[in-house]
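The values are calculated or read from the model by the stated rules, or taken from the named source; none is laboratory data. Bear in mind the structure is a predicted one, so any value in this text is a computation, not a measurement. So basically every Cβ, Gly included, is an ideal-geometry build from the backbone, and we count neighbours across all protein chains shown.
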Amino acid sequence: MMRRRTTLLAGCTALVLALGATACGSSDPVSAGGGDKSLSGQTVTVAGVWSGSEQKNFQKVLDAFTEKTGAKTQFMSTGDNVSTVVGSKIEGGNAPDVVMVPQVGVLQQFAKQGWLQPLSDTTQKSVDANFAPVWKKYGSVEDTLYGLYFKAAHKSTVWYSPDAFDQAGVKPPKTYDEMLNTGRTISDSGLAAFAVAGQDGWTLTDWFENVYLSQAGPEKYDALAAHELKWTDDSVVDALTTLGKLFKDKQLIAGGQKGALNTDFPGSVEKVFGPKPEAGMVYEGDFVAGVAHDQFGRTIGEDANFFPFPPVDGGNAPVVSGGDAAVVLKDGKNAKAGMKLLEYLATPEAAAVWAKAGGFLSPNKNLDLASYGDDVTRATAKSLIDSGDADAVRFDMSDQAPAAFGGTSGAGEWKLLQDFLRDPSDPKGTAAKLEAAAAKAYQNQG
């Protein structure tokens with residue numbers, strides 16, 4: 001939901017080993033100027049979850065669109081409950097023109113309610129030319145393309161403090177069990193192993209998805225994501241049991257379970273990379289780097305780094321992705337100009353604006369990797385693009401679910417995994433509660 005600087009050789013070498021070959025070097029990204037100002041006098045309203053540095057950097061993209069077309073823009077941050085906020089705006093006759101939707105399930109919900117316009121022919125041609133088919137799949141409902149994936153996330157990264165690892169005499173682990181043992185060694189050296197952002201339920205779904213994809217495999221992952229497999233399946237109980245080993249080990253979590261439940265995502269990054277570190281590692285997506293650098297001045301690749309989420313029980317290392325899809329609402333007061341914004345967002349030119357600013361990955365395979373400001377981000381972006389081309393990446397499972405189950409604070413999967421963090425003693429009982437909540441949400445979605 002939320003979202004690197006390094007020495008040229010050290011950062012690139014480390015990430016090539018972790019994620020595969022990448023392009024090193026740098027050049028200026030494509031500039032966004034030189035438009036015909038054809039939309040002068042018009043205003044495009046845009047809603048999305050972003051705040052803080054993400055909103056600031058997205059505004060640079062919107063400003064480039066203004067420079068090109070003359071259209072003004074107005075951004076509104078919705079918080080995590082996009083579905084509820086946008087629904088109330090539509091009911092009140094004040095619908096935004098464009099929404100940056102962070103969940104596939106919400107996109108599908110909006111489309112089935114008749115709120116969305118299919119993307120223009122120009123945008124669809126750009127999607128076909130610039131994006132792997134997986135991104136078109138997740139942006140479509142019943143073979144109609146409604147969503148353009150502008151921002152992506154690589155959610156299979158575990159971030160760590162090299163200083164904490166050096167002090168404990170450990171190296172990045174290669175398996176999940178090794179990761180827990182590494183954490184215990186770090187704990188023995190004076191820091192907790194992990195900062196867990198349990199106050200934000202979406203981070204716990206990401207933990208579960210990485211464990212489940214590696215342990216159960218992609219076929220069951222796809223079936224569970226579509227609710228073709230029940231959450232009471234043994235594979236779910238096994239994944240919860242694996243995750244529970246971490247949650248119940250007070251040696252591993254900064255502040256224990258109570259501390260985790262009182263820590264939000266930015267707070268979890270601060271506990272590892274802030275001025276007074278409390279933990280050696282924090283699991284979350286590539287966007288950890290943006291917080292570590294922008295808020296705490298960490299140099300990515302030097303005093304902040306990551307290793308791929310390690311394989312569980314002999315499975316493959318997971319590659320879980322997320323993303324924000326731009327959609328155009330039918331009820332927006334300036335939907336035509338909104339569609340022009342999407343035509344711009346589909347170009348490598350638009351992606352280059354945020355890539356230069358940092359804290360961003362684009363699924364646009366024709367964006368020059370040199371547009372990114374550092375080698376860690378280049379390598380992560382290349383890993384994501386390659387996984388998409390190979391159909392190896394799996395989209396965030398909770399984001400594919402109806403919002404009532406997979407995308408609402410204090411409800412559904414978010415709340416039930418918070419309850420499980422609080423008391424991980426009954427994986428089977430938690431699985432039953434997850435199934436009951438999922439069944440209700442899918443039934444209500446129709």
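Answer yes or no: is there a residue in the stretch 168-191 that is in the same structural domain as V106 (by TED's automatic domain parsing) and part of a helix (DSSP H, G or I).
no
Picking from K171, K151, K136, which residue would you name as being closer than 23 Å to G267 by Cβ, of a type in the set (D, E, K, R) and touching a helix residue (DSSP H, G or I) at 6+ places or on another chain (Cβ under 9 Å)?
Result of the check over K171, K151, K136: K151.
Can you name the residue in the stretch 287-313 that is at pLDDT 90 or above and under 19 Å from F208 (Cβ atoms) and, of all such residues, is surrounded by the fewest Cβ atoms within 10 Å (Cβ to Cβ)?
The qualifying residue surrounded by the fewest Cβ atoms within 10 Å (Cβ to Cβ) is D313.
Considering every residue within the stretch 112-123, establish whether at least one is buried (at least 21 other Cβ atoms within 10 Å of the Cβ) and under 30 Å from D368 (Cβ atoms).
yes
Only one of A337, A438, A403 is over 22 Å from the mean Cα position of the chain (by Cα), of a type outside the set (S, T, N, Q) and more than 22 Å from D286 (Cβ to Cβ). Can you tell me which?
Only one candidate qualifies: A337.
Where residues in the stretch 354-383 are crowded, with 24+ Cβ neighbours inside 10 Å, in a helix (DSSP H, G or I) and over 16 Å from the mean Cα position of the chain (by Cα), which of them is modelled with the highest pLDDT?
S371
Restricting to the stretch 34-90, what's the tally of residues that are crowded, with 18+ Cβ neighbours inside 10 Å, among the hydroxyl-bearing types (S, T, Y) and modelled with pLDDT of 95 or more?
4
Scan the stretch 212-238 for residues that are in a loop (DSSP other than H, G, I, E, B) and surrounded by 20 or more Cβ atoms within 10 Å (Cβ to Cβ) and jot them down.
Correct list: W231 only.
Would you pick out the residues in the stretch 152-211 that are farther than 28 Å from G410 by Cβ, surrounded by 22 or more Cβ atoms within 10 Å (Cβ to Cβ) and either touching a His at 6+ places or on another chain (Cβ under 6 Å) or hydrophobic (A, V, I, L, M, F, W, C) (or both)?
M179, I186, L191 - these are the residues of the stretch 152-211 that are farther than 28 Å from G410 by Cβ, surrounded by 22 or more Cβ atoms within 10 Å (Cβ to Cβ) and either touching a His at 6+ places or on another chain (Cβ under 6 Å) or hydrophobic (A, V, I, L, M, F, W, C) (or both).
Say we look at the stretch 240-279 and pick out the residues that are of a type in the set (K, R) and outside any helix (DSSP H, G or I); which of these is farthest from F194 (Cα to Cα)?
Once the filter is applied, the top-ranked residue is K276.
In the stretch 385-425, what residues are outside any loop (DSSP other than H, G, I, E, B) and among the aliphatic types (A, V, I, L, M)?
Once the filter is applied, which keeps residues that are outside any loop (DSSP other than H, G, I, E, B) and among the aliphatic types (A, V, I, L, M), the stretch 385-425 yields I385, M397, A403, A404, L416, L417, L421.
Exactly one condition in (1) polar (S, T, N, Q); (2) surrounded by fewer than 20 Cβ atoms within 10 Å (Cβ to Cβ); (3) within 28 Å of S53 (Cα to Cα); (4) modelled with pLDDT of 95 or more is false for S409; which is it?
(4)
Name, by its number, the condition in (1) closer than 22 Å to S409 by Cα; (2) surrounded by 24 or more Cβ atoms within 10 Å (Cβ to Cβ) that does not hold for D97.
(1)
Does K171 satisfy the criteria of being among the basic types (K, R) and touching a strand residue (DSSP E or B) at 6+ places or on another chain (Cβ under 6 Å)?
Criteria not met by K171.
Taking the options L421, L417, name whichever one is touching a Phe, Trp or Tyr at 6+ places or on another chain (Cβ under 6 Å), at pLDDT 90 or above and not β-branched (V, I, T).
One residue alone meets the criteria, L421.
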